[in-house]
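Data first, discussion second: the structure below is written as structure tokens.
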Amino acid sequence: MAQNELQGENQNRKTIVVVDDEKDITDLYRTLLEDDYSVLEFNRPEDFLKYLQFHNPGNVPFQALITDFKMPKMNGMDMVANAHKAGYKFPFIILSGHLDKDTVIRAVEFGVYRLLEKPAPPRVLFDTIKQIIIEQDIHSTREQVRTIISKMRENYSFLRLALLNYIPEESFNQMIVQTDSNGKVIKTEGFEDLMQDLESRLDRLLTTEKNLEATQKTQEVKVAS
């Protein structure tokens, strides 16, 4: 493979962070994951939190985190909570060797993306990583769409003010139309109508995602009961 192809492949690789106080465990996960992901290992939660400080909260340098629940000085949930308080948001998986009902309920209340029993079978771990990365991509895309809508509204306001000096308001409001396959106008829509329709569809998508997440968490609690 050519060098530029290798560089392109490395740039497209997702990065996974693994935090566990046992080095044998982080070495194991690195071996399991390194063929598909770039892997960063930390054996102390405080080292991971120090690593985050070198990066902007708006540009977290990894796509998912895997951490043990029980570790000396600071458990996995507390570590992630400290990262969130500092403004760092990312999908994460908590691994626990004692997956009892109380642990599951606490994890759900905390907002854990996934809670797996330790040791997690490789296929389960791979599937879970892939799923939470996809969910995060969907969330990021939704936020980007909202930002684009906001910018479009702002640009539309400037355009409207400029053109109304030359075009009657009624004509301006009819500039956006829908046509059939023959080019015949079948519906006239204003810009605001289009934006409201887009935002409405986005809100329905958000509600559906939240309902799916709530259902999944409820099922996880039932399984542990």
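Read the figures in this text as sums done on the coordinates, not as results from a lab. Since we're looking at a predicted model, the values are computed, not measured. Don't worry about glycine lacking a Cβ; one is built from the backbone with ideal geometry, like all the others, and counts go over all protein chains shown.
Per-structure values
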read-out	value
Spin-label pair Asn56/Phe158, simplified geometry with 7 Å Cα→Cβ offset, distance in nm	2.2 nm
Ascending count of other beta-carbon atoms within 10 Å, so fewest first, for Val19, Val39	Val39, Val19
Cut-off 13 Å between beta-carbons: net charge of the residues surrounding Leu49, Lys and Arg +1, Asp and Glu -1	+1
Distance (nanometres) between label positions extended 7 Å along Cα→Cβ at Ile133 and Asn182	5.1 nm
Pairs from Lys14/Lys118; Lys50/Lys85; Lys85/Lys118; Lys50/Lys130; Lys23/Lys50 whose Cα-Cα separation, in the structure shown, is over 20 Å	Lys14/Lys118; Lys85/Lys118; Lys50/Lys130
Calculated FRET efficiency for the pair Gln144/Glu199, C-beta based, R₀ 22 Å, to 0.05	0.95
Amide H contacts under 5 Å for Ile93, placed H, 5+ residues apart	Leu65, Ile66, Thr67
Per-residue ³J(HN,Hα) for the stretch 53-70, Karplus 6.51 cos²θ - 1.76 cosθ + 1.60, θ = phi - 60°, Hz, x for Gly and Pro	5, 8, 10, 6, x, x, 9, 5, x, 8, 9, 6, 10, 10, 9, 6, 6, 9
Label-to-label distance, nm, for residues given as Asn43 and Glu117 (7 Å Cα→Cβ offset)	2.9 nm
